[in-house]
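The values are calculated or read from the model by the stated rules, or taken from the named source; none is laboratory data. Source: prediction; values computed, not measured. All Cβ positions, glycine included, derive from the backbone under ideal geometry; neighbour counts span all protein chains shown. The protein model used for the area step is the full one, side chains on, heavy atoms only, and it has no ligands, DNA or RNA in it. Shrake-Rupley method; radii C 1.70, N 1.55, O 1.52, S 1.80 Å.
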Amino acid sequence: MASSVSYVEFVKEQLSGAGVITHRRMFGEYGLYCNGKYFACVCGDRLLVKITSAGEALVPDCPRGIPYEGGGEMLLPDVEDREALVELARATCAALPEKKPRKKAAKKENTDGQD
């Protein structure tokens with residue numbers, strides 16, 4: 001079941017205290033970013049957050065789920081508890097590695113001797 005845009009917007013509003021929350025359509029569902037860092041997804045109208053040791057420490061009894069067939073296990077936090085959700089998002093994003101800068105394409109040199 002595909003997620004509704006209204007649910008994605010609700011989740012983004014719940015997470016708004018964590019930073020700038022944006023989404024991107026991915027594989028028929030949605031990836032969530034906090035200040036440009038991918039940390040969660042919305043699949044089947046469920047919020048799933050990447051597992052980090054910092055996140056697990058905050059919500060040790062949080063249920064887990066798999067976003068899609070073949071996907072890795074992720075946390076399934078309570079989206080109604082806004083404070084806990086924001087804290088989880090902040091801790092998760094802080095624990096994730098920084099985004100690597102994209103490499104610029106190398107300029108092609110003219111090797112045939114003609115300019």
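Among residues other than K37 whose Cβ falls under 13 Å from its Cβ, what is the net charge (Lys/Arg +1, Asp/Glu -1)?
That works out to +4.
Taking Cα atoms only, the orientation of helix 5-15 departs from the longest principal axis of the chain by about 80 degrees. Counting only protein heavy atoms and a 1.4 Å probe, tell me what percentage of the chain's accessible area is made up of carbon and sulfur. Result for the chain: 51 percent of the exposed heavy-atom area is carbon or sulfur.
Springs join every pair of Cα atoms under 10 Å in this Gaussian network model of the chain, and among K50, K99, K12 the largest mean-square fluctuation is at K99.
By per-residue mean of other Cβ atoms within 10 Å, what is the highest-first order of 53-60, 85-92?
On the way: 53-60: 14.8, 85-92: 21.6.
Sorting 53-60, 85-92 by mean packing, highest first, produces 85-92, 53-60.
Computed over the chain with a Gaussian network model linking Cα atoms closer than 10 Å, the most mobile of I51, I66, I21 is I66.
Per residue, how many Å² of accessible area does the chain show with a 1.4 Å probe?
67 Å²
With respect to the chain, whose longest principal axis is taken over its alpha-carbon atoms, helix 82-95 is tilted by about 40°. Using only side-chain charges placed at the Cβ, +1 for Lys and Arg and -1 for Asp and Glu, the dipole size of the chain relative to its Cα centre rounds to 620 debye.
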